[in-house]
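One structure below.
The values are calculated or read from the model by the stated rules, or taken from the named source; none is laboratory data. Please read these numbers as outputs of a predicted model, since none were measured by experiment. Backbone-built Cβ (ideal geometry, glycine too); neighbour counts: all protein chains shown. The accessibility values were calculated without ligands, DNA or RNA, using every heavy atom of the protein model including side chains. Shrake-Rupley method; radii C 1.70, N 1.55, O 1.52, S 1.80 Å.
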Amino acid sequence: MAGCVSRVELSVTCRSLLDRDLGSRSDPLCVVLQDAGGGRWTELDRTERIKNCQNPEFCKKLVVDYYFEKVQKLKFGVYDIDNKSFNLNDDDYLGGIECTLGQVVSSSVFTRPLELKQGKPAGKGTITISAEEIKDTRVLCLEIEARNLDKKDLLGKSDPFLEFYKQSDAGTWQLVYRSEVIKNNLNPCWRKISVPLQTFCGGDFNKLIKVQCADHDSDGSHDLIGVFETNLTQLQKAGDGSAVEFECIHPEKKQKKKSYKNSGIIRIKSCKIETEYSFLDYVMGGCQINFTVGVDFTGSNGDPKSPDSLHYISPDGINEYLIAIWSVGSVVQDYDTDKLFPAFGFGAQVPPSWQVSHEFPLNFNPSNPYCQGIQGIVDAYRQILPQIRLYGPTNFSPIINHVARFAAHSAQQGTASQYFILLIITDGEITDLDQTRQAIVNASKLPMSIIIVGVGEADFKAMEFLDGDNGVLKSLTGEPAARDIVQFVPFRQFKNAPREALSQMVLAEVPKQLVSYYKWQGWPPVKPPEIKKM
């Protein structure tokens, strides 16, 4: 983490993409992956999907941490998206490239032909990537409406959307924001716009900005309603009840008709500049990360004395449970000052009563379940194995609710001082799926994340469902999770990979989840960084 020099924002455009849709053009999206070693790639970011477009200019920027001292191998993939699932395996591949971040950063504009596989070009398709370092963490928030826009559709009114472009140093226009489309409305009010200041104008308040209003057509041939030019200094006059108004001008209509006034009025109702904090801002500003481990001791793991059991400790002293504890714990422990980690087991019969317990401390000390460092968890695990009987059922909700109680207590302080990570290691045969769904939905409103590592060869469909990557997880009553807090990883994908590959994959989402929680609450870091103005 400390080696991260800066973050870069990648703008992507493609030309002449392959056509995979019958009767219409492809609906492309671009994803960027980073080499995680061992032939595996992890996703870093993805753009929006653009409908019916062979020459997309993606509005969403791809944000990548740039490490000067690492060769960061990247893979850009363009897909034709025809469904709602997050997974790209079921979408048509329109081509991709492999390169390093260094190559992109060191060339002002990086263009390459797209390939379907090495040496096989994807028709005449090309991809162009340009990089810009993110130095400014401020965010521009705009509220915009329009009135009396020109009617462009024969049968209805117009379907207006806005596009903002900034002028580059070379004089070309670069897309920085595209709004949603408002159907059949000549007096639209768009959703609040949030754009990083760096993206919007490079932090230059006098940089020329072009705003274009167009009528959306589903076949991709959008009709221009009108344009105006401005800069951030002018936009900032909006607010406190007074709006700033701009005439929307269609250049051709203006030339043809002397009586032409405008094609509508765009009103900027409010313009604010806010600060966006990063994971490092919170951690360096005093946020402690509390790490808790939950270990599955149910009968489906097999008898620990038998070599085919998931709890069998091999002659060299390891098993999949121990490797998972080590690889995730070794990264997380750096962010926890006291290095005291509560560790629990679930699903076993525990002495002396031999009742089944779903949250027993690995050190058998309920009043002080803390282990000293990751080694302390490993030692407690090794000592407890011969003393308990593996049993069942496999209930996740008690241990999730246990950590949630601590997170709820911390949240009452109203500061970004404590964040909780629960690592559950399991063979995947979950029994209380409905209660667990409810526990996760409740926990999504608290400062916590849940990592599930699946060991063994079981079918992990239930775990993938909890991960929520294919849509928002909902409780049985239909209440959606406030944010995505579960990351599931099957250990078998990492059997022969270096140990750090598992922790990188497992912890990849945590920084985003931590920031999303504090942003949702509106809590700055305990000690905010000093803002360096451009």
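Here are a few things to note about the model shown:
- On the stretch given as the stretch 75-95, residues that are assigned to a loop (DSSP other than H, G, I, E, B) and surrounded by 15 or more Cβ atoms within 10 Å (Cβ to Cβ) total 3.
- Long-range neighbours under 6 Å by Cβ, at least six apart or interchain, first residue assigned by the TED database to the domain that holds Val32 within the stretch 79-99, second of a type in the set (Lys, Arg) and part of a loop (DSSP other than H, G, I, E, B): Asp80/Arg20; Ile81/Arg49; Asp92/Arg20
- Condition check for Lys135: closer than 30 Å to Lys519 by Cα, open to solvent by 10 Å² or more (accessible area, probe 1.4 Å) and among the basic types (Lys, Arg): yes
- Selection from the stretch 223-243 of residues that are without any contact (Cβ under 8 Å) to a residue 12 or more places away in the chain and either buried (at least 16 other Cβ atoms within 10 Å of the Cβ) or touching a Gly at 6+ places or on another chain (Cβ under 9 Å) (or both): Gln234
- The strands (runs of 3 or more DSSP E) found wholly in the stretch 287-353 and carrying at least 3 residues that are of a type outside the set (S, T, N, Q) occupy 288-296, 340-346.
For every residue, the table says whether it meets (1) of a type in the set (Ser, Thr, Tyr); (2) out of contact with any Phe, Trp or Tyr (no Cβ under 9 Å at 6 or more places or on another chain).
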| site | (1), (2) |
| --- | --- |
| Gly202 | no, yes |
| Thr230 | yes, no |
| Ser242 | yes, yes |
| Leu310 | no, no |
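This table checks each residue for (1) surrounded by fewer than 16 Cβ atoms within 10 Å (Cβ to Cβ); (2) touching a residue at least 24 places away in the same chain (Cβ under 8 Å); (3) β-branched (Val, Ile, Thr).
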position	(1), (2), (3)
Lys192	yes, yes, no
Phe200	no, yes, no
Lys207	no, yes, no
Asp219	yes, yes, no
Glu247	yes, no, no
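- Of all residues in the stretch 279-307, those that are touching a residue at least 24 places away in the same chain (Cβ under 8 Å) and among the hydroxyl-bearing types (Ser, Thr, Tyr) have Cβ atoms under 6 Å from Cβ atoms of residues that are crowded, with 16+ Cβ neighbours inside 10 Å and assigned to a helix (DSSP H, G or I), 6 or more apart or on another chain, in Thr292/Val403.
- Qualifying positions in the stretch 234-261 - in a loop (DSSP other than H, G, I, E, B) and under 11 Å from Ala146 (Cβ atoms): Cys248
- In the stretch 505-520, the residues that are over 29 Å from Gly38 (Cβ atoms) and out of contact with any strand residue (DSSP E or B) (no Cβ under 8 Å at 6 or more places or on another chain): Ser516, Lys519, Trp520
- The listed residue being of a type outside the set (Ser, Thr, Tyr), at pLDDT 90 or above and within 16 Å of the chain's Cα centre (by Cα), out of Val486, Val506, Val453: Val486
- If the condition is being closer than 18 Å to Cys248 by Cα, open to solvent by less than 40 Å² (accessible area, probe 1.4 Å) and without any contact (Cβ under 8 Å) to a residue 40 or more places away in the chain, then the stretch 146-190 contributes Ser179, Ile182.
- Scope the stretch 493-523; condition open to solvent by 40 Å² or more (accessible area, probe 1.4 Å) and over 27 Å from Ala439 (Cα atoms); matching residues: Gln493, Lys495, Asn496, Pro498, Arg499, Glu500
- Residue identified as surrounded by fewer than 16 Cβ atoms within 10 Å (Cβ to Cβ) and without any contact (Cβ under 8 Å) to a residue 12 or more places away in the chain among Ser24, Ser106, Ser16, Ser6: Ser106
- Boolean, Ser367 is of a type in the set (S, T, N, Q) and assigned to a strand (DSSP E or B): no
- Search result, residues across the stretch 267-286 that are in a loop (DSSP other than H, G, I, E, B) and not hydroxyl-bearing (Ser, Thr, Tyr): Glu276, Gly285, Gly286
- Qualifying residues in the stretch 65-78 (those that are of a type in the set (A, V, I, L, M, F, W, C) and in contact (Cβ under 8 Å) with a residue 40 or more places away in the chain) - the one farthest from Val8 (Cα to Cα): Val78
Residue by residue, here is whether (1) within 22 Å of Gln383 (Cα to Cα); (2) open to solvent by less than 20 Å² (accessible area, probe 1.4 Å) holds:
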site	(1), (2)
Lys257	no, no
Arg267	no, no
Thr275	no, no
Asn290	no, no
Gly302	yes, no
Tyr312	yes, no
Leu322	yes, yes
Tyr335	no, no
Phe341	yes, yes
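- Odd one out for Asp434 among (1) under 25 Å from the mean Cα position of the chain (by Cα); (2) of a type outside the set (Phe, Trp, Tyr); (3) in a helix (DSSP H, G or I): (1)
- Exactly one residue out of Thr426, Thr436 is out of contact with any strand residue (DSSP E or B) (no Cβ under 9 Å at 6 or more places or on another chain), crowded, with 23+ Cβ neighbours inside 10 Å, among the hydroxyl-bearing types (Ser, Thr, Tyr) and touching a residue at least 12 places away in the same chain (Cβ under 8 Å), and it is Thr436.
- Search result, residues across the stretch 376-398 that are in contact with a helix residue (DSSP H, G or I) (Cβ under 9 Å, 6 or more places away or on another chain) and modelled with pLDDT of 95 or more: Ile377, Val378, Tyr381, Arg382, Arg389, Leu390, Tyr391, Asn395, Phe396, Ser397, Pro398
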